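A.B. asks: Have a look at the structure that comes next, please.
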Amino acid sequence: MSAKSVLHLTAWQYDKKWVRTMILYNGIVLSAAFIPLLSGQRILHEEIAHAFVMGTASFLTIFSLRIMAGQVRFSHLRRFCLGTVYLLGAVFLLIPLLFWGYYVVSGHVLSSAIVLTLFQTNGSEAMSYLKDQNIFLWCVTGTMLLSVVSAMMYILHDAGRKQSRYPLWGQLLLVLVTLAAGFCVMEQSSSYLPVRIMDETENVLQEYQKYGQAKAVRQERLQSLQNLRISSSGGIFVLVIGESENRDHMQAYGYDRPDTPWLLQQTEKTNTILFTHAYSNHSLTVPVLTYALSEKNQYNDISLEDACSLMEVAKAAGYDTVWLSNQRHYGAWDTPVAEIASTADYQVWLNERNGTEDCRTNYFDEVLADTIPNLEDSSNALIVIHLMGCHGSYGDRYPTKWNAFHGENERIDQYDNAVGYTDYVLQKIYDRIKAESRFKGLVYVSDHGEEVDLGYFHEATKFTYAMSHIPFVMIFSDTFIQEYPKIVDTLRNHRDAYWTNDLLYDVMTSLMGIDGVSTVMPDLDLTSDGYSLDRGTIRTLHGMKKIEE
């Protein structure tokens with residue numbers, strides 16, 4: 001037991017009620033450290049020790065504040081102060097209880113990945129997720145958590161009624177010493193599960209902010225790369241980024257519903273390459289695209305803030321850059337994806353809605369094809385098109401006439417309808433762009449997959465490999481095939497290779513013939529004979545998960 005605890009015990013004459021209250025409070029805080037064991041995870045002795053220290057320090061801090069509040073002479077002010085203390089105590093206690101609550105309703109340990117999801121999830125997407133959950137279990141769990149907190153605050157209040165025999169100045173001195181030591185100790189308890197998760201989340205968010213703040217530095221570095229140029233004949237390239245599309249639900253990949261007839265037809269042509277083992281580098285859009293559209297990937301040690309984006313490099317090499325999106329235009333403070341897009345010469349954001357209260361759009365994705373600008377005066381251009389694709393709620397992603405599938409599971413029917421509509425959108429984009437005389441190639445890849453069958457969507461803490469299963473397709477013009485038969489043959493030979501979409505930057509810069517990009521390594525470049533990644537070496541969830549299928 002700590003010196004602080006002994007000091008408090010002495011001050012309260014080793015009162016049994018006080019001791020029981022401290023043990024109970026500390027037990028709740030300490031219990032959160034053992035949750036990972038239930039999922040087969042390993043916990044360190046340091047984590048248990050930090051949990052015990054955190055529980056003791058937080059209890060003594062709250063109890064000390066309770067003493068101070070109880071010394072206030074004016075009754076109304078005293079009640080206000082006591083209420084504030086109990087509210088603070090409830091918040092302290094609710095943190096570990098929320099970890100238990102999440103485990104009960106999901107069967108998984110709350111992690112920084114799911115906390116980060118909260119920063120990207122809007123009301124509509126949350127409601128779509130909740131519809132597929134056991135609402136009764138959520139309600140019962142929430143009621144139990146609030147009941148435990150309320151009961152604990154009553155016990156704390158009851159234990160604090162006894163008056164100490166020591167004078168007021170002695171009590172206040174004890175309080176001040178306890179508060180100072182308590183806050184110091186809690187700050188050092190970094191291995192305690194809730195504290196560790198909050199630290200990890202904060203670090204990621206800071207990394208994203210640094211990415212935006214380092215924009216001027218990256219642009220200055222790009223300007224210093226005098227040898228960054230287009231070594232090929234250039235041309236017009238289109239990168240279409242899908243949303244939440246799982247290749248397991250695509251006819252072109254063997255699914256039993258005819259939801260991708262156009263893509264299936266394209267795969268029978270010699271100018272199309274469909275890659276069979278493509279995976280996402282994460283299950284959340286922002287982490288995925290931050291890596292996919294920049295030099296940073298799971299396999300190098302480049303810091304995110306120093307990583308140049310595909311748009312920046314293409315622009316510096318001499319490409320006109322275009323960003324067309326049906327997603328919401330969040331500020332660069334919110335997501336580095338918006339920061340990447342902001343560097344494009346020409347931008348269109350169809351979704352004029354602001355805020356995060358829902359994920360509705362003003363237009364369906366097909367309108368994106370009509371926003372492709374006139375490219376007659378552009379010899380070299382990179383056009384990035386970001387779809388809403390199969391983003392939940394699935395039924396909102398397509399016009400009524402695309403409601404083609406009617407089976408036993410409405411969620412799966414709606415998802416497959418969204419996949420079918422995305423196939424039509426891709427056809428419309430391709431038909432629009434292939435008419436350009438300088439058109440060289442179209443690349444389609446989804447940001448991440450979706451666990452639609454189990455209703456887990458793409459929640460990282462419930463990760464299944466379905467969340468990483470993505471389509472990856474390249475369609476080249478006859479001109480590109482004639483000019484670069486070696487690259488096309490190499491890609492055909494790699495159609496069954498294992499690949500993750502954080503390597504999209506590498507393959508795109510190679511296809512576009514951008515010379516002088518020193519960070520592109522042959523063993524990570526799908527267009528190179530030296531590409532060496534395989535099932536045993538590729539990763540997802542930013543290196544945390546090995547692909548085992």
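Only the coordinates and a few stated rules stand behind these numbers; no lab work does. Given the structure is predicted, the values throughout are model-derived calculations rather than measurements. Please note: Cβ atoms are built from the backbone with ideal geometry, for glycine as well, and neighbour counts cover all protein chains shown.
A.B. asks: Farthest toward the dipole's positive end in the stretch 237-546, which of H386, L324, M467, given Cβ charges of +1 (Lys, Arg) and -1 (Asp, Glu) about the Cα centre?
C.D. replies: It is M467, whose Cα lies furthest towards the positive end.
A.B. asks: On the first, second and third principal axes, largest extent first, how far apart are the outermost C-alpha atoms of the stretch 237-546 in Å?
C.D. replies: 53, 45, 44
A.B. asks: Further question: So for C139, C81, C390, C308, fewest C-beta neighbours within 10 Å to most, what's the order?
C.D. replies: Result, fewest neighbours first: C139, C81, C308, C390.
A.B. asks: If you don't mind, another one. Counting other beta carbons within 10 Å of each residue's own, what order do E376, E483 fall into, fewest first?
C.D. replies: Starting with the residue having the fewest Cβ neighbours, the order is E376, E483.
A.B. asks: Taking 7 Å along the Cα-to-C-beta vector as the label spot, tell me the N227-M198 distance in nanometres, rounded to one decimal.
C.D. replies: Placing both labels 7 Å along Cα→Cβ, they lie 5.0 nm apart.
A.B. asks: Need one number: convex hull volume per residue for the stretch 231-315, Cα atoms only, in Å³.
C.D. replies: About 146 Å³ per residue, rounded to a whole number.
A.B. asks: Another one. Grab the Cα-Cα distance for S39 and N493, subtract it from 0.36 nm times how many residues apart they are, and report the gain in nm with one decimal.
C.D. replies: Going from the current span to full extension adds 159.4 nm.
A.B. asks: Structure shown: which of K215/K545; K296/K486; K401/K434; K296/K462; K215/K315; K269/K428 lie over 21 Å apart, alpha-carbon to alpha-carbon?
C.D. replies: K215/K545; K296/K486; K401/K434; K296/K462
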